[in-house]
Structure formats: structure tokens, C-alpha cells
Amino acid sequence: MSFDLYKKRLLSYGNDERDVVLNNTKNIINNSFTNSFGYSVVKINDVDTEVIVVNKDDSTQKELLIRPDQTVKKGATVLVGTQYYLVTDFNGNGINQKAKIKLCNNTFTLKGSKIQTIVEYNDFGEPIYDETNTSDILIPCIVETSITIDNTDNAINLPEGRINITIPYTEHEDIAIDKEFVMYGEKYKIMSIDYTQSINKEGLIIINGKKVS
């Protein structure tokens, strides 16, 4: 077989030689994915997703290797076995796709909403409503009493009676300054909300709470 014919057949698998290399690499990864150590099927935002789970020294943090071209958004919830995690970071180039996840140690409760449904009309033609309440929303969250500085392992304790709660980006009337919530049987008030880890209504938000009597 001539070199030109070989090259022509090779390029049939991609637009150019670079595409061929990329596609071959992706195929190798995909073909070996299910046989890799740590292979597992987890639920990411309730969708079954094939990953390779890499355990870190800190049992509360793991790394997920994702199939080529698949992405995971920061703030997504990940159910590994019976434990929920939040995606705290994602990096990928289309081939090597990695997500960092951190263990959720509690749930943040938001009140359900009220729904009014017209059941009938009175003699004046005015609607009569039946009002029902939806169930409370339970959001897996990370509760911390310390903060880590400059991406190091050095942690600084929060003032007494203060906690930080990390949740996926969520819009709700209960997520507002001075709103109260219960955590570990104690009542807290929202002092501040950090949106710097979210963009375009996706990602994470950090709620700072102060214990109230």
C-alpha cells in the first residue's frame, strides 16, 4: 500500500492528522473505561453516569474521571452509593475530563410553595380555590465551621456560632439576608450569601449563618 493511500484511509477517521490522533485517543479511553479500576455508575443530577472514582487521602473529597467529551457542571449533585457529593470544580480538554467532588454532611431545607387550584365558582362567578402546600425541598449541602485559605490545607475557624453552608445555585425566597433556618437542631440567621462561585445561575453559593437564640 502506498503512503498516500495509507494516509487517505487514515484521514477518513478525521478532518486532519490532529483529529485522527484525538479520535484514536478518545476511542482508547472509551474502550478501556469500563475495565478501569474504580469504574462505577453514579447519579449526577439524578442521571446515571459512567465515571472512574479516584479516592483522595481526605475521605470527604474525591475525583471523578469522566468519559471524553462529557462534561459535569460545577454545583451538580453526585450520588456515589448512598452518599451525596457536590461538584466543586471541573476541568477538561475533551479527552481528560476531571471533576472534583466533596462530601455533603447535611441537607439544607427550603419551605415548599403554596399552590392554588380553582375547584368551583360561587353564585357570582367568582372562583373558589383549594390551597395545597408542596413538600419541603431538601438540598444536599456541605456545612463547615472553618474556611480554607488560598487553596491550601490551612484552615481558619469561623467565629463562635457561625457556619458556612455550600449548596448548588438555587433561587428561593428563603435564601435571603436575615432569613432563618435550622441546622443540627439549632436556629440560624443568614448573614451573607457568597455568589462568587457561580455564573449564569450555575455553580455554588455559600451561605453564612449566625446562631440565634
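The values are calculated or read from the model by the stated rules, or taken from the named source; none is laboratory data. This structure is a prediction, so every number in the text was calculated from the model and none was measured. Don't worry about glycine lacking a Cβ; one is built from the backbone with ideal geometry, like all the others, and counts go over all protein chains shown. Surface areas here come from the heavy atoms of the whole protein model, side chains and all, with no ligands, DNA or RNA. Shrake-Rupley method; radii C 1.70, N 1.55, O 1.52, S 1.80 Å.
Condition (residue is at pLDDT 85 or above and either in contact with an Asp or Glu (Cβ under 7 Å, 6 or more places away or on another chain) or open to solvent by less than 80 Å² (accessible area, probe 1.4 Å) (or both)) applied to the range 1-11: is it met by at least one residue?
no
Restricting attention to the range 83-94, does a residue exist that is open to solvent by less than 30 Å² (accessible area, probe 1.4 Å), at positive phi, at pLDDT below 90 and within 21 Å of the chain's Cα centre (by Cα)? Taking every residue of the range 83-94 in turn, at least one turns out to be open to solvent by less than 30 Å² (accessible area, probe 1.4 Å), at positive phi, at pLDDT below 90 and within 21 Å of the chain's Cα centre (by Cα). Which one of these does PHE37 not meet: (1) open to solvent by less than 80 Å² (accessible area, probe 1.4 Å); (2) among the aromatic types (Phe, Trp, Tyr); (3) free of Cβ contacts under 8 Å to residues at least 40 places away in the same chain? Against the list (1) open to solvent by less than 80 Å² (accessible area, probe 1.4 Å); (2) among the aromatic types (Phe, Trp, Tyr); (3) free of Cβ contacts under 8 Å to residues at least 40 places away in the same chain, PHE37 comes up short only on (1). Figure legend. Inter-residue proximity from the range 99-118: first residues under 10 Å from VAL143 (Cα atoms), second residues of a type in the set (Asp, Glu) and surrounded by 14 or more Cβ atoms within 10 Å (Cβ to Cβ), beta-carbon distance below 9 Å, spacing 6+ or different chains. Indicated pairs: ASN105/GLU144. Out of curiosity, is ILE165 modelled with pLDDT of 95 or more, under 30 Å from THR71 (Cα atoms) and surrounded by 15 or more Cβ atoms within 10 Å (Cβ to Cβ)? Answer is yes for this residue. Condition check: closer than 23 Å to THR60 by Cβ and assigned to a strand (DSSP E or B). Does THR170 satisfy that? No: the conditions fail for THR170. Looking across the range 174-213, the residues that are of a type in the set (D, E, K, R), in contact (Cβ under 8 Å) with a residue 24 or more places away in the chain and either part of a loop (DSSP other than H, G, I, E, B) or at positive phi (or both) come down to ASP174, LYS201. Applying the set (1) open to solvent by 60 Å² or more (accessible area, probe 1.4 Å); (2) among the hydroxyl-bearing types (Ser, Thr, Tyr); (3) farther than 30 Å from VAL80 by Cβ to SER192 leaves exactly one unmet item: (1).
Can you name the residue in the range 149-162 that is within 20 Å of MET191 (Cα to Cα) and part of a strand (DSSP E or B) and, of all such residues, is most open to solvent (accessible area, probe 1.4 Å)?
Only one residue tops the list, namely ASN157.
When each of ALA99, ALA176 is tested for being more than 14 Å from GLY75 (Cα to Cα) and of a type in the set (A, V, I, L, M, F, W, C), the lone residue that passes is ALA176. Restricting attention to the range 119-129, the residues being touching a residue at least 12 places away in the same chain (Cβ under 8 Å) and of a type outside the set (Ser, Thr, Tyr) number 0. Just so you know, in the range 95-148 the residues that are outside any strand (DSSP E or B) and under 15 Å from the mean Cα position of the chain (by Cα) include one that is surrounded by the fewest Cβ atoms within 10 Å (Cβ to Cβ), and it is ASN105.
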